[in-house]
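Some notes on the structure that comes next.
Throughout, read-outs are computed from the coordinates displayed, never taken from laboratory work. Keep in mind that this is a model prediction, so the values were computed, not measured. Virtual Cβ from ideal backbone geometry, glycine too; neighbours counted across all protein chains shown.
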Amino acid sequence: MTSFSKNLLGWFCKHGRKNLPWQQKPTPYRVWVSEIMLQQTQVQTVIPYFDRFMQSFPDLETLAAASLDQVLHHWSGLGYYARARNLHKAAQVICDQHAGQIPDDFEELLQLPGIGRSTAGAILSLAFQQRQPILDGNVKRVLTRYHAIEGWPGETMIQKTLWKMADQQTPQEKVAEYTQAIMDLGATVCTRSKPKCGSCPLSVDCEANKQDRQADFPTSKKKKILPVKKKIFLILKNDQNEVLLEKRPPFGIWGGLWSLPECDQEADPEAVCDQRFSCKITNQRKLKIKRHTFSHYHLEITPLLIEISDHDTVVMESDQTLWYNNNQQKHLGLAAPVASLLKNIEGMKQ
Ligand code: SF4
């Protein structure tokens, strides 16, 4: 065992997190769901989502049998919805091809939608006690600082180096504790800003600490200026205080979620409403502009509240459209900005 893993395990024994919900009854299913939720999302945000998810989908069979809408509803607000779609799809694949048992084989896990090398490593070490390294964002931060590795960790060569180091540091025994320990250290001690080197078990040998260059690692990616896309979101409200929602295609941004009809900034919203929905507009007003940032662009949303009459003669519900009211408690997957727009519409408040 390296001094790195030895010191880390000693620290974990006293200071590691042992009461997280997925650490209780750590079945492969619970570990898998938590690992997917924890990709790009912090522990404190994940906890209530995880608890609600487990209440509704306590096991893999229930998840596989659920509709995508139900799954997306439980993911609403957590972001990166491809994770939910992949989780749902993977549950169905496991039921069909693995007799409902999550595989304990690295290559088989990698074949499942949404499971990459690090997630497969985490599932195998945490749920099956197999010696597998992991390399999530927290681990990358710890390793780049400890070894003072220059270069953006997304680059192939740097990735290779980091995987090699992650592998070298992973002990032969106590692998589940070690995996949890390195994730915990990155999340609570070796934090992005102001790492607590004074209480870190690795401080004596850590190069970044010795050189007092903690802020230089990991090297940031060269910043790209994100483009701004502008869209008008049409909030068509009928005389029963219901708003028209459309289901987005199953892929891409907010894939499979319910959203508002939209049109380009240059389009004439009245003409769009007339062509698409044959609506009689009785009133319209612009609401406050909202900005939502995706990883590759900013979306500037101009919400346009349009009151219409004679709704039921013109827009019928289908599996792609529905009339929505907050009070009806429909369990729908809504994109976060759409949910927040709907909450603030008069007459629709819960
Ligand atoms: S000594 Fe500081 S920089 Fe180095 S691993 Fe520990 S917390 Fe991170």
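Values computed for the structure shown
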{"item": "Nitroxide proxy distance, nm - points 7 Å out along Cα→Cβ at residue 56 and residue 159", "result": "3.3 nm"}
{"item": "Label-zone membership for the stretch 69-107, site residue 336, 7 angstrom Cα→C-beta point, backbone N under 17 Å", "result": "72-85"}
{"item": "Furthest towards positive pole of dipole, 338, 306, 293, structure part the stretch 228-343, Cβ charges", "result": "293"}
{"item": "Calculated FRET value between residue 188 and residue 82, using beta carbons and R₀ = 22 Å, to 0.05", "result": "0.20"}
{"item": "32, 11, 75 arranged by Cβ crowding within 10 Å, fewest neighbours leading", "result": "11, 75, 32"}
{"item": "Members of 223/343; 224/343; 89/174; 174/196; 160/194; 18/247 lying beyond 29 Å, as alpha-carbon distances in this model show", "result": "223/343; 224/343; 89/174; 18/247"}
{"item": "Size of electric dipole in the chain: Cβ of Lys, Arg +1 and of Asp, Glu -1, about Cα centre, debye, nearest 20", "result": "1540 debye"}
{"item": "Note, ³J(HN,Hα) from phi for the stretch 233-244, Karplus 6.51, -1.76, 1.60, rounded to Hz, x at Gly and Pro", "result": "9, 8, 9, 7, 10, 8, 6, 9, 6, 10, 10, 7"}
{"item": "Residue 231 paired with residue 280, simple spin-label distance in nm, labels 7 Å along Cα-to-beta-carbon", "result": "3.0 nm"}
{"item": "Net lengthening on full extension, residue 41/residue 19 (0.36 nm per residue, minus Cα-Cα)", "result": "6.1 nm"}
{"item": "Which of 177, 107 has the fewest Cβ neighbours within 10 Å, and the rest in rising order", "result": "107, 177"}
{"item": "Among 111, 200, 151 the positive-end extreme of the charge dipole of the chain (Cβ point charges)", "result": "200"}
{"item": "Amide H partners (placed H, <5 Å) of residue 309, local residues excluded", "result": "280, 282"}
{"item": "Cα-based helix-to-principal-axis angle, 82-97 vs the chain, degrees rounded to 10", "result": "70 degrees"}
{"item": "Calculated [θ] (222 nm, deg cm²/dmol) that DSSP helices of n ≥ 4 give over the chain, each run adding -39,500 (n - 2.57)", "result": "-12500 deg cm²/dmol"}
{"item": "Length released on extending from residue 224 to residue 241, taking residue separation times 0.36 nm less the Cα-Cα span", "result": "1.9 nm"}
{"item": "Computed over the stretch 57-201, Kirkwood Rh from alpha-carbon pairs, angstrom", "result": "16.9 Å"}
{"item": "Kirkwood hydrodynamic radius of the chain, from inverse mean 1/r over distinct Cα pairs, in Å", "result": "22.8 Å"}
